[in-house]
Amino acid sequence: MSGPNLQNVATFLKVVDRGGFASAARELGVTQSTVSRRVADLEHHLGCKLLERTTRRLFLTEAGARYCESVRALVAGLAEADADLNDVRGHAQGSLRITAPLGYGRTRVLPALAKFSELYPQVHLQVDFFDRYADLLKDGYDFAVRLAEPQLTGLDAKPVGWIKPFLCATPTFLNSRPIQEIEDLESDRCLVQRTYAPRTVWSVRHAGVSKHLQIRPRMVLSDIYAIYDMALAGIGAAILPDFLVMEDLKRGRLSLVSSDIALDPVPIFLVWPSYKTNLPRVRALREFLEQALQSEQ
C-alpha cells in the first residue's frame with residue numbers, strides 16, 4: 001500500500017486549522033470542491049472518516065483527531081527540511097523559533113531582533129518571552145537567550161555579557177522602613193518574583209560575607225516588570241537588573257538598600273541546538289546578537 005498524497009494531508013490540516021473547507025480553499029488558492037475532493041481522497045486512502053460536518057460546524061472524528069496529531073509534526077518537519085536545504089546552500093532564510101527571559105528579552109533582545117529582521121527579511125522569527133524554563137530540543141526552539149549556562153548535552157552556548165542586579169527601593173520606603181540589620185529584609189519588606197515557585201532565598205554578600213536570606217515577602221509577582229512597577233510605587237525593596245533601574249538610581253527615584261550589600265552578576269548566554277550550528281540563519285542570528293548584546297555592556 002502506497003503512502004498518502006502529501007498534498008491531501010496538508011489540505012486536511014489546513015481545513016482543521018481554518019475550521020472549514022471554504023476558508024481553507026481561500027488560503028490555498030483553490031476551489032472549495034478541490035479541498036473537499038482532497039480530503040475525501042485522503043479518507044478513502046485511510047479507510048476511515050476524518051471529519052464530520054453539520055449545517056453549522058465541522059469537527060474531527062476520533063480517528064481524525066489522532067491522525068491530525070500524528071501528521072502535523074511530519075508536515076512541519078518537511079517544511080523545515082525544505083528551509084534547511086535552502087539555508088545550507090548559503091542563504092539565511094526559513095523560520096527561527098526563539099525564546100528569551102521576559103525582562104531582558106523585551107528590553108534588550110527585541111530591539112536587536114528588529115534590526116536583524118531588517119537585515120534578513122527571508123528569516124521569519126517566532127519569539128517567546130517568558131521566565132519559565134524551555135527545553136530547546138524537546139520544545140522545538142532554534143535559539144535562546146539564557147541567564148545561565150545550559151547543562152544539557154546537545155546544546156552549544158556562547159557567553160555575551162552580564163546583568164548587574166541591584167537591591168533597591170524608593171527613598172520614601174527606606175525612610176519609613178529603615179534597614180538597620182540585613183536580617184530586617186527577611187520580614188515583610190521585599191518584593192519577590194515567582195516562576196514555578198517564589199524565589200524566597202536571596203544570596204547576597206554583606207560587608208564581604210556571603211549570606212542566604214530567607215525572605216518572607218511583602219508581595220509575590222509573576223514578572224520582573226510588575227516588581228519594577230511596585231518598587232517604584234514604594235511597596236517594597238526588590239532585586240532589579242541594571243537594564244531597568246540604572247536611570248532610576250541616577251535620578252534618585254530608587255536608592256540602594258545598603259552600599260554594603262552586593263549581588264553576583266548574572267551571565268548572559270546565547271544557546272542553540274548543536275546540530276543547527278552550521279545553518280546560515282542560526283549562524284547569522286548568533287553573530288548578530290553576539291555583537292548587539294555585547295555592545296550594550
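Rounded to the nearest Hz, the phi-derived 3J(HN,Hα) couplings of region 127-140 under the Karplus curve 6.51 cos²θ - 1.76 cosθ + 1.60 (θ = phi - 60°) are 10, 10, 10, 6, 9, 6, 6, 10, 7, 4, 6, 6, 8, x, where x marks glycine and proline. Note on Leu152 and Arg199: the model spin-label points, each 7 Å out from Cα along the C-beta direction, lie 2.1 nm apart.
The length gained on full extension between Ala134 and Gln122, counted as 0.36 nm times the residue separation minus their Cα-Cα distance, comes to 1.8 nm. Set the Förster radius R0 to 45 Å, insert the Cβ-Cβ distance between Trp162 and Ala65 as r into 1/(1 + (r/R0)^6), and round the FRET efficiency to 0.05. My answer for the efficiency is 0.40.
Computed with a 1.4 Å probe on the full set of protein chains, the accessible area for Met219 sits at about 60 Å². Residue by residue, region 242-258 carries 3J(HN,Hα) couplings of 4, 5, 9, 10, 4, 5, 5, 5, 5, 8, x, 5, 10, 10, 5, 4, 7 Hz when phi is fed to the Karplus relation 6.51 cos²θ - 1.76 cosθ + 1.60 (θ = phi - 60°); x denotes Gly or Pro. Amide H contacts for Arg97 (H built 1.01 Å from N in the peptide plane; partners 5 or more residues away or on another chain; cut-off under 5 Å): Gln126, Asp142, Phe143. DSSP bridge analysis restricted to the chain gives an antiparallel fraction near 65%, rounded to the nearest 5.
Here's how it looks for Trp162: its modeled amide H is under 5 Å from those of Ile268, which are all 5 or more places away or on a different chain. Solvent-accessible surface of protein heavy atoms, probed at 1.4 angstrom with all chains present, puts Arg283, Arg56, Arg251, Arg106 in the order Arg56, Arg251, Arg106, Arg283, largest first. Per residue, the chain exposes 55 Å² of solvent-accessible protein surface, assessed with a 1.4 angstrom probe and all protein chains in place.
Seen from Ile179, the other residues with C-beta closer than 13 Å to its C-beta sum to a net charge of -4, counting Lys and Arg as +1 and Asp and Glu as -1. Cross-link partners of Lys158 among lysines, defined as those whose alpha carbon lies under 27 angstrom from its own and excluding same-chain residues fewer than eight positions apart: Lys115, Lys138, Lys276. Per-residue surface analysis assigns Glu181 an accessible area of about 110 Å², computed on protein heavy atoms at 1.4 Å probe radius. A Förster radius of 51 Å combined with the Cβ-Cβ distance from Glu287 to Gln214 puts the calculated FRET efficiency at roughly 0.75.
Here's how it looks for Cys190: its modeled amide H is under 5 Å from those of Arg218, Met219, Ala237, which are all 5 or more places away or on a different chain. Taking Lys49 as the anchor, which aspartates and glutamates have their alpha carbon closer than 17 Å to its alpha carbon, excluding any fewer than eight residues away along the same chain? Reachable aspartates and glutamates: Asp41, Glu62, Glu69. Computed on protein heavy atoms with a 1.4 Å probe, the accessible areas place Ile179, Ile268 in the order Ile179, Ile268, largest first. Rolling a 1.4 angstrom probe over region 147-297 with all protein chains present gives an accessible area of which 49% lies on carbon and sulfur atoms.
Charge tally for Tyr225 (other residues, Cβ to Cβ under 14 Å; Lys, Arg +1; Asp, Glu -1): -1. Let me check I've understood the local charge: for Leu102, count other residues with C-beta under 10 angstrom from its C-beta, Lys and Arg +1, Asp and Glu -1. What total comes out? Net charge around Leu102: -1. Computing FRET efficiency as 1/(1 + (r/R0)^6) for Ser259 and Ser187, where r is the C-beta to C-beta distance and R0 is 22 Å, gives about 0.50. For Lys211, the lysines whose Cα comes closer than 21 Å to its Cα, not counting residues fewer than 8 places off in the same chain, are Lys164.
Rounded to the nearest 10 square angstrom, Glu296 shows an accessible area of 90 square angstrom against a 1.4 Å probe. Legend: residues Thr31, Thr153, Thr107, sorted from most to least accessible area (1.4 Å probe; ligands, DNA and RNA excluded), read Thr153, Thr31, Thr107. Per-residue ellipticity at 222 nm from helix content only, as computed over the chain with -39500 (n - 2.57) for each DSSP H run of at least four residues, stands at -12000 deg cm²/dmol.
Counting only Cβ charges, +1 for Lys and Arg and -1 for Asp and Glu, the dipole size of the chain around its Cα centre is about 680 debye.
The values are calculated or read from the model by the stated rules, or taken from the named source; none is laboratory data. All figures in this text were calculated on a predicted structure; none of them were measured in a lab. Cβ sites come from the backbone with ideal geometry, for glycine too, and all protein chains shown count toward neighbours. When the accessible area is computed, the model is the full protein with side chains, heavy atoms only, and any ligands, DNA or RNA have been set aside. Shrake-Rupley method; radii C 1.70, N 1.55, O 1.52, S 1.80 Å.
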